[in-house]
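Please read the structure below before turning to the comments.
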Amino acid sequence: MPLRPIDAVFVHPKQRLYVVYYRGELWQLPRMKIDDKSWQNRRPYTDDSSSLYLSIHQAISDPVLAQKLRTLDLPVAVRGSTLSRFEAWWEAHGFKWLKDKLMIGQSPLAAHQATAYTKAIDSQPASLSNNPTENKTPASMPSFVNTDVFAEMLTELTNEVLEQKL
């Protein structure tokens, strides 16, 4: 079991389904969609875990589900790894990686990375848009993330990490 049971999204490529590593337990989603409805219909994952690979996309766009699952923006080197390799990495390096991120003021949450990406797209001049008639101002883009929720999650995570003793 990892030092801090974190949340991570895994993919089973042959069965084409998502499996969520939620606080150290594996939960299978009923379809290839990560949203609150899928989460409500989850069931324990009981198949062979050696077939699971860490998804390269950890950000959850559904704001309701994003409040429940605190997926992290994990290093590129870990993405695509098997469950056992991910757990080994987390045990050996996860806490230090998390602490380092927080100490330099960066958010480790994948949701914050998705928000930053959306803001970067929103701030592009209209001339850089693929569709010249499309107006990409922040007011015209629907906000799919409640930043107060993520700020709250980051505060809790920061407190948890800083209170831990190595």
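Amide H contacts for Leu109 (H built 1.01 Å from N in the peptide plane; partners 5 or more residues away or on another chain; cut-off under 5 Å): Asp73.
Among Ile6, Ile104, a tally of other beta-carbon atoms within 10 Å of each Cβ gives an order, fewest to most, of Ile104, Ile6.
Taken together, the values in this text are just the output of simple stated rules run on the coordinates, not laboratory data. None of the values given here were measured: they were computed from a predicted structure. Here Cβ is always computed from backbone atoms with ideal geometry, including for glycine, and neighbour counts include all displayed protein chains.
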